[in-house]
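Chemist: Can you read through this structure? Questions will come right after.
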Amino acid sequence: MTSLFDKAKIIAEKVHANQVDKKGYPYMSHVIDIANRVSHLGESYQIVGLLHDAIEDAEPTAFRSEITKEIESTFDIEIINAIKAMTKVSGEDYFKSYLPRLKNDKIAIKVKIADSSHNLSKAHLIEDRVFQNKLREKYIKVLDVLGEDGLRCEKPIIFRNGLWVEE
């Protein structure tokens, strides 16, 4: 029998298997890192960590619909609601609409903090200093809005042996 965590990982791999981040690192390593960062909070948090970008990143639209249905038929309403809270809607303003909506879900808040901390902690890897600073400012602001001290969340990480580790 497959655990819910394993089912979430299978869905995440369907969506992210061939995706890479801005530096060319496997995107699956990002979602696994997020799941690890929230593992102390329980399996529901880990599952949302694995699937936090699954609906948003599933392309084309027909595939997005398939992934949404699979999530809705596999997980309970608490997990479904958290994943939907994490999914930015096209045209939605990040700071005026998306984050305030996300803040209404206790799981989504913790996963978004882990996600933003991870993104902030790898910003130093971007060579373009202007873009690097823009990303850093964005993630620091996100973390501040979510109740964390954004500057204190930055712990530079590197990709080594398929995992993100602190420098």
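Taken together, the values in this text are just the output of simple stated rules run on the coordinates, not laboratory data. Keep in mind the model is a prediction, meaning the values are calculated, not measured. Cβ: placed from backbone, ideal geometry, glycine included. Neighbour counts: every protein chain shown.
Chemist: On a straight-distance basis, which aspartates and glutamates could pair with Lys88 in a cross-link, Cα separation under 13 angstrom, same-chain partners fewer than 8 positions away excluded?
Modeler: Asp53, Glu56, Asp57
Chemist: Cα-based Rg of the chain per 2.2 N^0.38 Å, rounded to two decimals?
Modeler: This ratio for the chain stands at 0.99.
Chemist: What number, in percent, do you get for the relative contact order of the chain if the mean sequence gap of Cα pairs under 8 Å and at least 6 apart is divided by its residue count?
Modeler: Reported relative contact order: 19 percent.
Chemist: Another question, if that's okay. With a bin width of 5 angstrom, please list the P(r) values of region 64-131 as percents of all Cα-Cα pairs, from the 0 bin to the one holding the largest distance.
Modeler: With 5 Å bins starting at 0, P(r) equals 3, 15, 19, 19, 20, 13, 6, 3, 1.
Chemist: Right, here's the next one. Can you find, among Leu146, His30, Asn161, the residue sitting farthest towards the positive end of the charge dipole of the chain, where Lys and Arg contribute +1 and Asp and Glu -1 at Cβ?
Modeler: It is Leu146, whose Cα lies furthest towards the positive end.
Chemist: Tally Lys and Arg at +1 and Asp and Glu at -1 over the other residues with C-beta under 15 Å from the C-beta of Phe131: what net charge comes out?
Modeler: Numbers: positive: Lys22, Lys23, Lys122, Arg129, Lys134, Arg136, Lys138; negative: Asp21, Glu127, Asp128, Glu137.
Cβ neighbours under 15 Å give a net charge of +3.
Chemist: Quick one: compute the contact order of region 1-78, relative version, from alpha carbon pairs under 8 angstrom and 6+ residues apart, as a percent.
Modeler: 29 percent
Chemist: Taking a threshold of 31 Å on the Cα-Cα distance, which of the pairs Lys69/Lys155; Lys69/Lys112; Lys7/Lys134; Lys22/Lys69; Lys69/Lys141 fall above it?
Modeler: Lys69/Lys155; Lys7/Lys134; Lys69/Lys141
Chemist: Over the residues of region 42-96, compute the C-alpha Rg and express it relative to 2.2 N^0.38 Å. Could the numbers behind the result be given before it?
Modeler: Details: Rg = 11.4 Å, N = 55, 2.2 N^0.38 = 10.1 Å.
Compared with the compact-globule rule of thumb, region 42-96 sits at 1.13.
Chemist: Sticking with this one: Using the 10 angstrom Cβ neighbour count as an exposure proxy, how do Phe75, Phe131, Phe159 rank, fewest first?
Modeler: Ordered by Cβ neighbours within 10 Å, fewest first: Phe131, Phe159, Phe75.
Chemist: I would also like to ask the following. Helix 61-74 versus the longest principal axis of the chain: what is the Cα-based angle in degrees, 0 to 90, to the nearest 10?
Modeler: 70 degrees
Chemist: Let me have the 222 nm mean residue ellipticity of the chain computed from DSSP H runs of 4+ only, each contributing -39500 (n - 2.57), with the sum over all residues rounded to the nearest 500.
Modeler: The helix contribution divided over the chain gives -17500 deg cm²/dmol.
Chemist: Using the Karplus equation 6.51 cos²θ - 1.76 cosθ + 1.60 (θ = phi - 60°), what ³J(HN,Hα) coupling, rounded to whole Hz, does each residue of region 116-128 give in order, writing x for Gly and Pro?
Modeler: 5, 5, 4, 4, 5, 6, 10, 4, 4, 7, 6, 6, 5
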